[in-house]
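These notes are about the structure you will find just below.
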Amino acid sequence: MTYDELRNEILTKGYHEVPFSVPRSAVELAIARYFDFLTLSDEEKNRWTIHLKRDENDRGSELGHWRRQSKTGFGYDDKEFFHYNAEFRNRFRNDPTAPPELTAFIDATEPIYQAAMSSIQSMLDIVGEKYPNVADPYNELSVLRFLKYDRAPAGEFLARGHYDRGGCSLAIAESAPGLRIGHTERDLKEVTHQEGKAFFFPALFMDQKTNGEFPPSWHDVVQKSENAFRPDTARWAIVFFATPNEPSYFDRELVHTSR
């Protein structure tokens, strides 16, 4: 794919389907291991929670297990999630105090993480033909996110509309339809995952660094009750967030306001 082809597809649809080497069966194994980890007590799960910061103005990067529930204001949703990357693996893969559920989850997740890094880099290399600073190697704050959404009434948002803050994102897999991608809240379209493919889309940092040639993709997730994963879970999803080496700051209102 050429630079112009990728740019035109992003401008037209808001995303590009990039090859992804991990089969659905391996993805579902990792999800099973994630839900095994979630059966642990809150005290045990919260042992594997880290917050990295590059400076005092940075929100930092959440690693390990996290829980977020609705609050007043922009962009809060009910979900439990896990951020995985090489930093987490190197710290805890051989930790003798790690429960077997965590070790099994790491082993099942590592191939997905590596494939996501490869798929993202293939896109960054193309953008980097014109904007080399965008293709700089991304640092340890890039994360693979495993998401468990709480149940909600049919038609409700599981993830309210927003732009991602970082360089770009890769929507790898989800348990059921519901993800919508576009440029604004007015042109969102539901997307369907295909075997061997993932959805690449730009975030706010890439928009900024390419002078708007790769605008950020507005996206949300809507609950469909007939597709609930299980009684306590609306759906699961796996997404990779590529975070640039250069710190970038975007306030919550900008992130959660459609252009």
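Close amide H partners of residue 198, meaning residues 5 or more places away or on another chain with modelled amide H under 5 Å apart, are 18, 20.
Using the charge dipole of the chain (Lys, Arg: +1 at Cβ; Asp, Glu: -1 at Cβ; taken about the Cα centre), state which of 27, 221, 163 has its Cα farthest towards the positive end. The Cα lying farthest towards the positive end belongs to 221. Accessible area per residue for the chain, computed on protein heavy atoms with a 1.4 Å probe, is 45 Å².
Centre-to-centre, using Cα atoms only, region 19-54 and region 227-259 are separated by 16 Å. Positive-end ranking of 143, 49, 96 along the dipole of the chain, with charges on Cβ about the Cα centre, is headed by 49.
Restricting the trypsin sites (Lys or Arg not before Pro) of region 167-223 to loop positions (DSSP other than H, G, I, E, B) with no more than 13 neighbouring Cβ atoms within 10 Å leaves 186. Scan region 1-57 for GluC sites (Glu not before Pro) in coil per DSSP, keeping those whose Cβ has at most 15 other Cβ atoms within 10 Å, and list them by number. Listed in order of number, the matching sites are 56. Computed over protein heavy atoms with a 1.4 Å probe, the carbon and sulfur contribution to the accessible area of region 73-224 reaches 48%.
Just need the relative contact order of region 100-259 here, percent rounded to a whole number, with Cα pairs under 8 Å and 6+ apart. Write out the running numbers ahead of the final one.
Numbers: 309 pairs, mean separation 54.6, N = 160.
About 34 percent, as a whole number.
In order along region 84-98, the Karplus-derived 3J(HN,Hα) couplings, from 6.51 cos²θ - 1.76 cosθ + 1.60 at θ = phi - 60°, round to 10, 7, 5, 4, 5, 4, 5, 6, 10, 4, 10, 6, x, 8, 5 Hz, and Gly and Pro are given as x. Taking the Cα centre of the chain as reference, the dipole from Cβ charges on Lys and Arg (+1) and Asp and Glu (-1) amounts to some 340 debye.
With a ≥ b ≥ c the root eigenvalues of the C-alpha gyration tensor of region 137-259, is it rounded (a/c under 1.5), prolate (a/b larger than b/c) or oblate? Note, shape of region 137-259 comes out prolate.
The values are calculated or read from the model by the stated rules, or taken from the named source; none is laboratory data. Quantities reported herein were computed from a predicted structural model and do not represent experimental measurements. A quick note on method: Cβ atoms are made from the backbone with ideal geometry, for glycine too, and the neighbour counts reach across all protein chains shown. Heavy atoms of the whole protein, side chains included, go into the accessibility calculation; ligands, DNA and RNA do not. Shrake-Rupley method; radii C 1.70, N 1.55, O 1.52, S 1.80 Å.
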